[in-house]
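Quick notes on the structure that follows.
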Amino acid sequence: MRKTTVESTVFSEQVSWRRIGVLTASLALAACVTTPPVPSPRAVPLPGVVGPSPEEIRQRNIAFFLQRAEAAQRQGFLTQPAGASAFDYYLRVRQLDPANSRAATGIQGIVIELVERARDALRRRAFAEVASYLNQAEDLAPGNPLAAEVRSQMARERARAGTDIPQGEAVSLPAASLASRSEAVSALLRETAQRIRREDLRVIIVARSDEEGRWVYQQLREAVTGYRVRGDIRLGSPPRVILMAPGGN
């Protein structure tokens, strides 16, 4: 029995030493294993919105100004108001894209429209309006053949208007004062109306437009209430009132 106890004790010590040996070997083996290096932290870009490129901005501006130009052209704002007319917007397009075909076509359309307005004014023999529209058209397109044609027609009509108007004593009406309907020209017409009534004269009113001629006639008539001013309105330039004896043509 005693022998068994001694053997058991020996056996237990042997097991303990074996465990210690295994543990020592494991530690030695672990010391020989190389631990892989931990990578350094790396910055990761956060997702965000990328802004438009310069070319994209240019194209957007071209599209915007073309839209504004075509809208102004449809509304009749060809060269006015300054800075917000169809022509001004087309110019901005051409600054961004000198070869832009839509801008070139748009400017050509403005020139044609101005010439058409000049033709219409010429039919009304409103020579000042004709000259104004032609000047605008030629500023945009120097040497334009359509504008040159209408200008030649205007010169012929003016010459014809001068021969169609009867001769007589003329009271000149300053063009600028007449255009602004100033008090100075109104006073001149009142004075003329008094003479017309006093001498019982007939008149030929030479005006640059029907509206202008009717305004002059109204001033004469209102200056001599109760007296009938007899005469006619002729379109021509320069504006004036021709005084004629009662039996004159």
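The values are calculated or read from the model by the stated rules, or taken from the named source; none is laboratory data. Just so you know, these numbers come straight off a predicted model, no measurement behind them. Here the Cβ positions follow ideal geometry from the backbone for every residue, glycine too, while neighbour counts run over all protein chains shown. Surface areas here come from the heavy atoms of the whole protein model, side chains and all, with no ligands, DNA or RNA. Shrake-Rupley method; radii C 1.70, N 1.55, O 1.52, S 1.80 Å.
Structure values in brief
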| read-out | value |
| --- | --- |
| Simple label model, 7 Å out from Cα along Cβ direction - Glu116 to Gln95, nm | 2.9 nm |
| Cut-off 19 Å (backbone N to label point 7 Å along Cα→Cβ of Arg102), residues of the range 61-86 | 61-78, 84-86 |
| Net charge contributed by nearby residues that have their C-beta within less than 12 Å of Val203 (K/R +1, D/E -1) | +4 |
| Å² per residue, accessible surface of the range 92-226 at 1.4 Å | 53 Å² |
| Spin-label model distance (nm) - Arg228 vs Ala159, 7 Å beyond Cα toward Cβ | 4.0 nm |
| Percent of Cα-Cα distances greater than 16 Å, calculated over the range 143-249 | 59 percent |
| Label-to-label distance, nm, for residues given as Gln75 and Gln59 (7 Å Cα→Cβ offset) | 2.8 nm |
| Where a label projected 7 Å from the Cα of Ser177 along Cα→Cβ would reach, residues of the range 190-224 with amide N under 12 Å | 190-192 |
| With every protein chain in place, the range 123-249: carbon and sulfur % of accessible area (1.4 Å) | 48 percent |
